[in-house]
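*Asks:* Take this structure first; my questions come after.
Laboratory data are not the source of any read-out in this text; all were calculated from the coordinates shown. As the structure is a prediction and not an experimental result, all values here were calculated from the model. Cβ: placed from backbone, ideal geometry, glycine included. Neighbour counts: every protein chain shown.
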Ligand code: ADP
Ligand code: GN1
Ligand code: MG
């Protein structure tokens, strides 16, 4: 695709500095189409938003405006929305809905943990992010994706996709289906805790993978938490768990060779040191106890989501080849199994850190 030809006129609807020199695809996100826009003065990120995943664009952008304004007001580096020429937070035409952010320069995003220090720093940053939002009024937030980390509900959706088997793919993934079915009674702990008040409802990011944080390209210290689409009330176990899911693996999320995929407990320790160090004052005893479980839950949930999408014909996550979602599902379920087998050791590490 000629991205410049396709999107230049959309770029011109925004209050950009300079004239557009190039438009190219950027990053490794699974949801939005992310474009790097370069003008003769500076760089921007433009995203064609995924309206299948986020149908309520007004609510989504209102959430992001409110959160970024709040964070900026506290002096925290965050995404900066570039308005349209008529002062709106996004632009819509028959081809889609678009938003533009300042490109945050001199940063890197990691697709895989480069070393323990980077992962520890990202843990501290996601913990701090939660601290920064502790005073934010959650009632102004729209729930842009209902029941996002409601794992029992995700399981119900998985069962529907399996029953329908609309693409005849269930036959290719019997071991994965069996794994999910065998674990069905392990999915409810966090939802139950939120419902009965034993787990506090907080404002959470909900998509805390390593490539949703920008690190300084010289110091590897975190600069900004990005991908704010899923900020909603939730549990800190979601944020902690999702980071471990992605980052404490010895291989990429879509590694085909499962012998390379392992849960690395030393990476878990590094992240837990950073994260717990930041939330020490607010984490409850029950949350601390459930951190290992949170890592398991987010990993098995994500595996189940990839499997559901595979069974449903790949309509949710962006895929690069047929079977991509099944490959992703396999890494997640392998990790989930290993995490489950490491609960004891993980619990000891959390205790040590919080002692
Ligand atoms: P998705 O929702 O599809 O995951 P993201 O918002 O996470 O999309 O963006 C995809 C990638 O683009 C990020 O992982 C990051 O590498 C890069 N990115 C996004 N916003 C910025 C920004 N403001 N400055 C620099 N890089 C960015
Ligand atoms: C998606 O948007 P992105 O690529 O950062 C997904 C997450 C999954 C993740 C798996 C809105 O994250 O929930 O955990 O892929 N985001 C949404 O890599 O569904
Ligand atoms: Mg992202």
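*Asks:* Order these peptides, 110-120, 17-27, 244-254, by their mean beta-carbon neighbour count within 10 angstrom, highest first.
*Replies:* 244-254, 110-120, 17-27
*Asks:* For segment 104-152, report the % of Cα-Cα distances exceeding 17 Å.
*Replies:* For segment 104-152, the share of Cα pairs beyond 17 Å comes to 62 percent.
*Asks:* Considering only C-alpha atoms, what is the centroid distance from segment 136-154 to segment 281-355, in Å?
*Replies:* First find each Cα centre; the distance between them is then 19 Å.
*Asks:* Another question, then. How big is the C-alpha Rg of segment 12-102 next to the rule-of-thumb value 2.2 N^0.38 Å, as a ratio?
*Replies:* Cα-based Rg divided by the globular estimate yields 1.08.
*Asks:* For segment 183-330, build the convex hull from the C-alpha positions and give me its volume per residue in Å³.
*Replies:* 140
*Asks:* Which percent, to the nearest 5, of DSSP beta bridges fully inside the chain are antiparallel?
*Replies:* 100
*Asks:* Using a Förster distance of 30 Å, how high is the FRET efficiency between residue 181 and residue 201, based on the Cβ-Cβ distance and rounded to 0.05?
*Replies:* Between residue 181 and residue 201 the formula returns 0.50.
*Asks:* Another question, then. Sticking with the crude label model, points 7 Å out along Cα→Cβ, report the distance from residue 106 to residue 157 in nm, one decimal please.
*Replies:* Inter-label distance under the simple model: 4.0 nm.
*Asks:* When every alpha-carbon pair in segment 139-240 is counted, what percent end up more than 21 Å apart?
*Replies:* 52
*Asks:* When the expected Rg is taken as 2.2 N^0.38 Å, what fraction or multiple of it is the alpha-carbon Rg of segment 228-302?
*Replies:* Compared with the compact-globule rule of thumb, segment 228-302 sits at 1.15.
*Asks:* Sticking with this structure for a sec: What whole-number value in cubic angstrom gives the convex hull volume per residue for the C-alpha atoms of segment 190-277?
*Replies:* In segment 190-277, the Cα hull volume divided by residue count equals 133 Å³.
*Asks:* Ok, one more. Report the calculated FRET efficiency for residue 167 and residue 62 (r = Cβ-Cβ distance, R0 = 45 Å), to the nearest 0.05.
*Replies:* 0.80
*Asks:* What's the FRET efficiency of residue 115 with residue 280 using the Cβ-Cβ distance as r and R₀ = 25 Å, to the nearest 0.05?
*Replies:* 0.60
*Asks:* Consider all pairwise Cα distances in segment 49-111 and report the whole-number % of them above 17 Å.
*Replies:* The share of Cα pairs beyond 17 Å in segment 49-111 comes to 50 percent.
*Asks:* Next question. Taking every pair of Cα atoms in segment 1-160, average 1/r, invert it to obtain the Kirkwood radius, and report Rg/Rh to two decimals.
*Replies:* Expressed as Rg/Rh, it is 0.98.
*Asks:* Can you give me the relative contact order of the chain as a percent, contacts being Cα pairs under 8 Å and 6 or more apart?
*Replies:* After rounding, I find 19 percent.
*Asks:* Ignoring everything except DSSP H segments at least 4 long, calculate the 222 nm mean residue ellipticity for the chain; use -39,500 (n - 2.57) per segment, divide by total residues, nearest 500.
*Replies:* -14500 deg cm²/dmol
*Asks:* When 1/r is averaged over all different Cα pairs and the result inverted, which Kirkwood radius in Å belongs to the chain?
*Replies:* 21.0
*Asks:* Points 7 angstrom from Cα along the Cβ direction at residue 252 and residue 147: gap in nanometres?
*Replies:* 3.3
*Asks:* Moving on to the next point. Based solely on C-alpha atoms, express the radius of gyration and the Dmax of segment 276-355 in angstrom.
*Replies:* 16.1, 48
*Asks:* Hey, how many Å between the Cα centroid of segment 10-88 and the Cα centroid of segment 169-242?
*Replies:* 24
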